[in-house]
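The values are calculated or read from the model by the stated rules, or taken from the named source; none is laboratory data. Remember, it's a predicted structure, so these values are computed and weren't measured experimentally. Here the Cβ positions follow ideal geometry from the backbone for every residue, glycine too, while neighbour counts run over all protein chains shown. Just so you know, the surface numbers come from the protein's heavy atoms only, side chains and all, with ligands and any DNA or RNA stripped out. Shrake-Rupley method; radii C 1.70, N 1.55, O 1.52, S 1.80 Å.
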Amino acid sequence: MAQQQEIYNYLRSVDCCKVCCLRFLKGAKEDFIDIDATLLKRGLEPKNDHQKAKKLKENVCIACLGLFDLDRIATLAREVKEHGGYQQYQCEAGFLTSISLPIVLHLRQLALWLDVLDRFPQAFSASNAPDIAVKDALKMIIIHQLETTLGKPFSVDGVMINVPYSYANEQEELNVLELVSPGVFASRKTNKHTKKEFISRNAFEKHFTPDVINKDRFRKHYSVPPVSTEEVGLVRGELTFTGPTIFLAGRYNKFSRELSQTPWMIDGKRKMEGSVQETIAASIAPHFGVAEEQLIFSSSGREDVDVRCLGEGRPFVLEIIDAKTDQLPEEVAIRMEQQVGTSQTVAIRDVQLVKREDLVHIRGSEEDKRKFYRALCVTTNEPVTEEMIRKLRIDEPFVMQQVTPLRVLHRRTLLARPRTVYSVRAYACRDNPYAMVVDIVSQAGTYIKELVHSDFGRTGPSFRSIIGTAIDIHALDVMAIDLDWPKKLRRPEEGDH
């Protein structure tokens, strides 16, 4: 305790603020919530020393350059609450902070570190940081202030409050590093991977510690302890805010054979008006206060433009960056579903918010999933026979090889892919002797059209090779996808199709 008092008194004498003194005494998290109470409890704060208190108040702290001015921090919390940029967000999760600090604070910590090492060798080590990191201490104080002022908790799922700080004399002070360790900067200049910045935080922490640098050379070029002779401290920049990234999941049906899943562009030109993605986004984006094009669309596979997606639909997810709200009231979800349904080409259901970790369901291996299809096929050389129907009633799984189809070769790697067909069930059509309906259960990633007509022998076995005559596909529907996600919801007034 006596040594702590000695360290505290010394740091105060060289113009360290109370918070930085507590940092060098390795205060606990709760100690930073009420600094004065902590110092009083520890018996560290000098009593009845008004002259010194006044003097210290007028000087910029040599370690933090005024960062821990508690009045300014309290002002920051009130400013956030009243800021129009913050008020545009309605996020129940709360907030988190992103604080940008100048590297010069590391330099000043190093100078003070060298000083206390010499003066208090039993209390400090050359290999272990002497203090609670500036940013960690600042977050402890700011987060408590913000929670109190905003009435909301700190949460990684909340609104990001971006707080930048700068220092006018930073480059001038950092220039001494090149004199202290010229080799570090010579190697940085020759390394093409080194960023253009003078020195990164990681590089500083690697090359500038008491057990690495030449201490005499450092003292020759930089004051130990550091000084702040001028009234120049850190300046806080403009506050900015970033909303949370949230994820909205659901299932969609596609009823049109003239609609792509995502915007279809070739050489910068649209091939088709509209898409499933755009139809859904138009009804969802406004609630979250973002532009439709900001939404990132993912789904469990995709169907071709001319393929419908029926049954319970295809699971999809929209990633919504900088969302203005993290809530989705039930009545809003119902309204979204109804609005998409008015398109007559797309319908959605089971719309709900999900967690990032839930995306493993949709982003997992597609090859582990099964897809259920119904195909309208036609024979081109002869009518459908009972023998053909019998041969296309297959209950045992079989593996076929599919070389990348010619129709997608321009955008897919040329490979031979094994794919499993789990079952095939054909039915003759009464109204057309050349037609049959075939139900197919296959491994996800199977090219169904090529399974039917063989793609000039690039897929085998195919329906063509099994029945021994030419056969093509006239229409295809996705009937079901073997993925029980997201959670199925029972909602009233969903569109019926």
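Side notes on the structure shown:
- Of all residues in the range 464-488 being under 30 Å from LEU359 (Cα atoms), of a type outside the set (A, V, I, L, M) and not in a strand (DSSP E or B), the one that is least open to solvent (accessible area, probe 1.4 Å): PRO486
- Any chance VAL235 is buried (at least 17 other Cβ atoms within 10 Å of the Cβ), in contact with a strand residue (DSSP E or B) (Cβ under 7 Å, 6 or more places away or on another chain) and under 30 Å from LEU96 (Cα atoms): no
- Selected residue (criterion: farthest from SER299 (Cα to Cα)) from residues of the range 323-362 that are in contact with a Pro (Cβ under 8 Å, 6 or more places away or on another chain) and of a type in the set (Val, Ile, Thr): ILE334
This table checks each residue for (1) at pLDDT 90 or above; (2) in contact with a Pro (Cβ under 8 Å, 6 or more places away or on another chain).
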{"site": "GLU58", "(1), (2)": "no, no"}
{"site": "ILE62", "(1), (2)": "yes, yes"}
{"site": "GLY66", "(1), (2)": "yes, no"}
{"site": "ASP71", "(1), (2)": "yes, no"}
{"site": "THR75", "(1), (2)": "yes, no"}
{"site": "HIS83", "(1), (2)": "yes, no"}
{"site": "TYR86", "(1), (2)": "yes, no"}
{"site": "GLU92", "(1), (2)": "yes, no"}
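- Segments classed as strands (runs of 3 or more DSSP E), wholly inside the range 245-326, with at least 2 members that are surrounded by fewer than 21 Cβ atoms within 10 Å (Cβ to Cβ): 296-299, 307-320
- Some residue of the range 444-463 being among the hydrophobic types (A, V, I, L, M, F, W, C), touching a strand residue (DSSP E or B) at 6+ places or on another chain (Cβ under 9 Å), over 17 Å from LEU392 (Cα atoms) and open to solvent by less than 20 Å² (accessible area, probe 1.4 Å): yes
- Condition check for VAL332: in a strand (DSSP E or B), on the phi < 0 side of the Ramachandran plot and open to solvent by less than 50 Å² (accessible area, probe 1.4 Å): no
- The range 248-266 residues that are in contact (Cβ under 8 Å) with a residue 12 or more places away in the chain, paired with ones that are among the acidic types (Asp, Glu) and not in a loop (DSSP other than H, G, I, E, B) (beta carbon under 7 Å, 6 or more apart): GLY250/ASP350; ARG251/GLU312; ARG251/ASP350; PRO263/GLU278
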